[in-house]
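Accompanying notes for the structure given below.
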Amino acid sequence: MDGFASWLLSLAHTLFNPGFCPGDWVFATSAAGALIALFPVLGAVIVAVMRKFTGNRYDAATLGVIAAVGFLMVFLLPWLAANGISGVYRAAFAGKDSGLSVAEQATLGRNYCGFIGVQSEYLGGGQNVFETLFYPSGSKLAYGYYLGALIGLPVLSLFFVILQARTAMRRGQKWPGRLLWVPFVAFALFSSTVEANTAVHLWLGFLPMSVIGLIPIAIVGPPPWAVINRPKQERRPEPRPEPTPQPPPPPQKQYAPTALASAPQQLAAAPGAVPVPPGSTANGSDRYRRLRRLGHGGFGTVWQAVDNQLGRTVALKIAHAPDRDTEERMRREARALAMVNHPNCVRVYDLVEEPDGLALVMEYLDGQALASAVDAQGPLDDVAAGRLWATMAGALAAAHEKGVLHRDVKPSNVIVDPEGAPHLIDFGIARSRGDSTMTATGMMIGTPDFVAPEQAAGAAASPASDAWQLAATVSYALSGYPPRGTRESPMAALMAAARAEPVSRLPQRSAHARLLMASLDNEPRRRPTLDTVRREVEGWLARAGKSPDGPVTRIVPRQPQSSATRAMPPRRGA
């Protein structure tokens with residue numbers, strides 16, 4: 001290893017040896033420190049490139065490779081090089097064979113500055129780091145100099161080596177990065193045998209190169225979402241002999257983590273009729289007493305009503321035109337909602353015949369729409385937006401697990417209750433198996449400002465399009481604008497979505513900006529899944545010391561129970 005150290009030192013002397021104070025070999029020592037700093041950088045680059053193919057799969061083989069890279073590139077090679085360079089200077093000072101050429105060894109005897117003296121003595125004839133720190137022999141001023149240089153410079157270098165490890169671990173857990181920077185701590189400690197002056201100048205070169213080294217690691221970039229979202233391949237167990245063959249279990253209905261908009265959707269089969277609670281009447285006209293109209297939309301009108309039998313407030317959604325297609329849509333919505341069980345999804349209670357049409361009886365949510373909250377109180381901060389994103393991602397994921405797509409996620413379809421908790425409503429255009437004919441008329445599905453590009457272009461909806469709409473809703477909550485900006489008309493907004501125009505109104509200063517950009521990618525396969533988004537956001541909230549279950553807006557004081565004063569959104573579930 002002495003030959004490698006002398007070669008590295010000669011290379012540094014060739015690259016950088018200005019002939020002025022403090023001396024050519026002193027400058028060469030700092031240049032050698034910069035070359036040593038390239039070893040940890042190269043190790044982080046290797047790990048970053050490996051994660052391009054492995055993503056966040058940290059099995060024994062992957063962790064073994066990271067640990068080996070950390071040991072070799074961050075500890076062993078730098079330690080051997082630093083101690084070897086110190087050994088070269090000590091041999092030159094003692095007049096022994098140092099591995100340098102005769103001409104190079106002759107220049108070590110030059111005296112450039114009064115406080116440096118002869119370079120061979122300055123770099124190879126003094127105390128080592130341990131002796132200098134624990135058995136000082138000079139003045140207090142000199143001891144303070146060595147204390148700051150031999151402790152402060154390694155600590156600063158450690159900070160940037162940690163940044164290198166975290167950069168290599170982007171879009172994943174950070175703990176494997178310890179396998180890269182903990183060896184650096186060992187390198188700094190085991191380098192206490194290096195000559196003190198040599199160590200000072202090695203660290204002076206190491207520190208700036210460790211800062212510059214962040215650039216190539218960042219250029220490599222994080223692993224693509226398609227690799228991160230790739231399902232784990234489990235090893236199939238060896239088949240066991242069975243006395244009687246058992247039929248295979250029914251396949252689980254689920255979406256591929258990176259499902260394309262054009263991929264066939266694995267949607268839940270429509271169950272039977274929605275169960276009717278005891279005491280429910282066939283026509284429903286005597287059971288539900290309407291109090292006031294809450295709003296109406298493309299498929300129905302929503303009323304606040306009272307269940308006379310159970311004594312609870314409900315929301316009635318009644319079709320505008322009680323024809324066969326509309327009734328089928330209502331029945332489909334009831335079946336879809338009945339399959340979803342999540343505390344932040346609106347619940348369906350019943351499906352009854354009212355005098356003016358088929359009525360869906362739903363949970364009544366006392367609160368205001370997210371759009372109204374942002375308009376009245378201003379955009380959300382990063383913590384509130386993170387809670388909103390994580391909660392709604394969980395609600396949508398629960399719907400997707402049942403084979404239900406929402407297809408119209410937007411700020412007005414998120415209701416914030418008086419405690420500040422968000423709820424996802426308006427599954428009126430939710431899709432389940434057997435409803436493919438419901439859009440045969442060419443009706444636009446979704447809201448132009450918040451529709452995913454592939455939906456606007458006419459492709460089928462998918463979990464990825466729901467994830468896009470949710471990200472657009474979170475972007476609106478952070479900035480007060482749709483991600484593509486506002487247009488002069490809905491048709492212009494629809495054309496902008498169909499052309500997949502780039503997002504232009506993202507909250508750039510938000511901590512969620514990077515994840516928003518990934519979630520609003522025009523290509524569905526490149527977007528992170530809802531489960532990935534939830535893990536990323538909940539991890540950020542945990543690091544910020546915040547709970548993901550807190551309010552997303554300021555808590556609204558609860559009003560006394562009254563049909564005339566209860567706050568409701570301008571549009572509810574229509």
For D97, placing the label point 7 angstrom along Cα-to-beta-carbon and taking region 1-21, residues whose amide nitrogen sits under 13 Å are 2-3
If the cut-off is 14 Å between C-alpha atoms, which aspartates and glutamates fall inside it for K402, apart from same-chain ones fewer than 8 positions away? E333
Mean Cβ count within 10 Å, highest first, over the residues of peptides 394-400, 50-56: 394-400, 50-56
Output the relative contact order of region 63-169, whole-number percent, from Cα pairs under 8 angstrom with separation of 6+ residues. 17 percent
Within 10 Å of each residue's Cβ, count the other Cβ atoms and sort S210, S475, S101 from fewest upward. S101, S210, S475
Using only the alpha carbons of region 2-223, determine the length spanned along each of the three principal axes and report them from longest to shortest in whole angstroms. 56, 37, 26
With all pairs of different alpha carbon atoms counted, what Kirkwood hydrodynamic radius in Å does region 1-68 show? 14.3 Å
Can you tell me the length gained on complete extension of the stretch R178 to M50, counting 0.36 nm per residue apart and subtracting the Cα distance? 44.4 nm
Between A226 and L80, what is the label-to-label distance in nm when each label sits 7 Å out along the Cα-to-Cβ direction? 4.0 nm
So how much slack lies between E501 and Y145, counting 0.36 nm per residue of separation and subtracting their Cα-Cα distance, in nm? 122.4 nm
Can you put I151, I415 in order, fewest other beta carbons within 10 Å first? I151, I415
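FYI, it's all coordinate maths here, none of it is from the lab. Here the structure is a predicted model, which is why all the values come from computation and not from measurement. Don't worry about glycine lacking a Cβ; one is built from the backbone with ideal geometry, like all the others, and counts go over all protein chains shown.
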